[in-house]
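The values are calculated or read from the model by the stated rules, or taken from the named source; none is laboratory data. Since this is a predicted model, take the numbers as computed values, not measurements. Here the Cβ positions follow ideal geometry from the backbone for every residue, glycine too, while neighbour counts run over all protein chains shown. The accessibility values were calculated without ligands, DNA or RNA, using every heavy atom of the protein model including side chains. Shrake-Rupley method; radii C 1.70, N 1.55, O 1.52, S 1.80 Å.
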Amino acid sequence: MSPFLFNFTSLSHPGIVRAHNEDSLALVPEVGVFVLADGMGGYKAGEVASGMATALLSTELKQDLQPKEQTRLSKQQLHQLLENRVAQANQIIYNAATQQSQYQGMGTTLVMLLLQGEHVTVAHLGDSRCYRLRAEVLEQLTRDHSLLQEQIDAGLLSPEMAKLSNNKNLVTRALGVEPEITLEVQDYSISVGDIYLLCSDGLSDMVPDEQIELTLRALSNNLELAAQMLVQMANESGGRDNVSVILIKIESKASSSQGVLARFANWLK
């Protein structure tokens with residue numbers, strides 16, 4: 001668990017075009033785990049895949065990360081734990097997709113944030129993103145696993161041209177699509193005042209980073225309103241996809257006298 005006190009909120013909306021919401025969220029603040037998944041597949045199969053991913057990972061990680069005799073996982077141990085749990089979830093979703101015809105072709109993107117010790121650990125597959133607002137500057141911490149990003153990296157498209165592309169939703173990594181996956185995991189130091197945003201592409205495809213930054217700067221002290229505004233902006237820009245956000249703000253560092261009860265009091269503000 002992290003020694004930092006934090007506040008958080010989340011919001012998910014189907015958008016104004018799609019009938020079903022295939023995004024799924026899981027928040028386990030008592031062990032500092034936040035998970036967002038954006039499902040894809042046939043009729044309602046996407047929401048099955050994303051729901052399986054968030055349920056499996058949040059349940060297992062809650063058990064794995066419960067305090068045990070004051071021991072703390074090293075970064076390497078935490079990365080290995082995440083890779084193992086995501087691999088297990090991938091196999092379960094893949095088996096369901098290949099063995100049940102109604103789930104054929106389903107899968108899901110994934111982005112997770114873990115607050116552990118003095119760092120946040122971010123893991124992802126696909127094009128769901130993690131951003132960080134620090135000192136009023138927004139930075140995208142994840143790099144999309146998508147055909148579009150590969151074309152940008154290869155110099156075939158400029159970022160400006162990419163914004164006009166029709167291939168925004170073609171991901172190159174996802175959970176449950178192949179029998180094996182490669183999870184990308186990164187660590188970042190924590191600073192008081194940081195705001196972390198996890199989002200599905202229903203936000204990042206519809207709202208420019210500059211507008212996301214301005215919204216988080218203006219509403220940094222009201223995460224619930226910030227989440228509402230981000231979703232509203234995505235819908236006002238067309239709402240072509242489900243849109244989901246999780247916001248986590250690092251409020252302060254706990255003193256030695258501030259234990260679990262103080263953290264819960266902060267979460268409930």
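Restricting attention to the range 1-98, which GluC sites (Glu not before Pro) occupy a DSSP loop and are surrounded by at most 12 other Cβ atoms within 10 Å?
Glu69
Computed 3J(HN,Hα) for the range 8-25, one whole-Hz value per residue from the Karplus formula 6.51 cos²θ - 1.76 cosθ + 1.60 where θ = phi - 60°, is 7, 7, 8, 7, 9, 9, x, x, 10, 10, 8, 7, 10, 9, 9, 7, 9, 10, glycine and proline marked x.
Summing charges over neighbours of Thr172, with a neighbour being any other residue whose Cβ is under 10 Å away from its Cβ, gives -2 when K and R count +1 and D and E count -1. If you take the square roots of the eigenvalues of the alpha-carbon gyration tensor of the range 1-122 and sort them as a ≥ b ≥ c, do you get rounded (a/c under 1.5), prolate (a/b over b/c) or oblate? It is oblate, given that a/c is not under 1.5 and a/b is not larger than b/c. When the Gaussian network model of the chain links Cα atoms closer than 10 Å, the mean-square fluctuations of Ala89, Ala19, Ala234 top out at Ala19. For the range 1-146, the carbon plus sulfur part of the accessible surface works out to 47%, probe radius 1.4 Å. Using C-alpha pairs below 8 Å separated by at least 6 residues, the relative contact order for the chain is 28 percent. What the Cβ-Cβ distance of Glu236 and Gln104 gives, at R0 = 35 Å and to the nearest 0.05, is a FRET efficiency of 0.50.
List the relative contact order of the range 164-237 as a percent without decimals, with contacts defined as Cα pairs under 8 Å and 6+ residues apart.
Here the relative contact order equals 26 percent.
At q = 0.18, 0.19, 0.23, 0.28 Å⁻¹, what is the log10 ratio I(q)/I(0) for the range 1-66, with the Debye formula run over Cα points and no solvent? Reported log10 I(q)/I(0), two decimals: -0.71, -0.76, -0.95, -1.17. Here the Karplus relation 6.51 cos²θ - 1.76 cosθ + 1.60, evaluated at θ = phi - 60°, turns the backbone of the range 169-180 into coupling constants of 9, 8, 8, 9, 9, 7, 8, x, 8, 10, x, 9 Hz, with x for every Gly and Pro. Taking a Cβ cut-off of under 13 Å around Thr54, the surrounding Lys, Arg, Asp and Glu residues balance to a net charge of -3, with basic ones at +1 and acidic ones at -1. The order of the peptides 125-131, 136-142 by mean Cβ neighbours within 10 Å, most packed first, is 125-131, 136-142. Between amide H atoms placed 1.01 Å from N, distances below 5 Å from Gly117 occur with Ser2, all of them 5 or more places distant or on a separate chain. Pairs of Lys residues in the chain are counted when their Cα atoms are under 25 angstrom apart and they lie 8 or more places apart or on different chains; the count is 10. Scanning residues 5 or more positions from Gly15 or on other chains, those with amide H under 5 Å from its amide H are Val243, with H placed 1.01 Å from N in the peptide plane. On a per residue basis, the range 29-154 carries 44 Å² of accessible surface, using protein heavy atoms and a 1.4 Å probe. Tell me whether the range 80-217 comes out rounded, prolate or oblate; compute the Cα gyration tensor, take square roots of the eigenvalues as a ≥ b ≥ c, and use a/c under 1.5 as the rounded threshold. It is oblate, given that a/c is not under 1.5 and a/b is not larger than b/c. For the range 50-203, a simple Cβ point-charge model (Lys and Arg +1, Asp and Glu -1, everything else neutral) yields a dipole of about 240 debye relative to the Cα centre. Within the range 216-259, the proportion of C-alpha pairs whose separation exceeds 16 Å stands at 50%. Principal axis analysis of the Cα atoms in the chain yields extents of 53, 42, 36 Å, listed in decreasing size.
Annotation for Val137 and Glu251: the two label points, set 7 Å from Cα along the Cα-Cβ direction, are 2.8 nm apart. Backbone geometry of the range 52-60 corresponds, through the Karplus equation with coefficients 6.51, -1.76 and 1.60 at θ = phi - 60°, to 3J(HN,Hα) couplings of 4, 4, 5, 5, 5, 6, 5, 5, 5 Hz, x marking Gly and Pro. In the chain, helical runs assigned H by DSSP with n ≥ 4 each contribute -39500 (n - 2.57); averaged across all residues and rounded to the nearest 500, the mean residue ellipticity at 222 nm is -10500 deg cm²/dmol.
Of Val31, Val122, Val243, the residue with the greatest mean-square motion in the GNM of the chain, using alpha carbon springs below 10 Å, is Val31. In this structure, Glu180 and Gln80 have a Cβ-Cβ separation that, at R0 = 22 Å, corresponds to a calculated FRET efficiency of about 0.90. Near Val185: Cβ cut-off under 11 Å, other residues only, Lys/Arg at +1 and Asp/Glu at -1. The net charge is -2.
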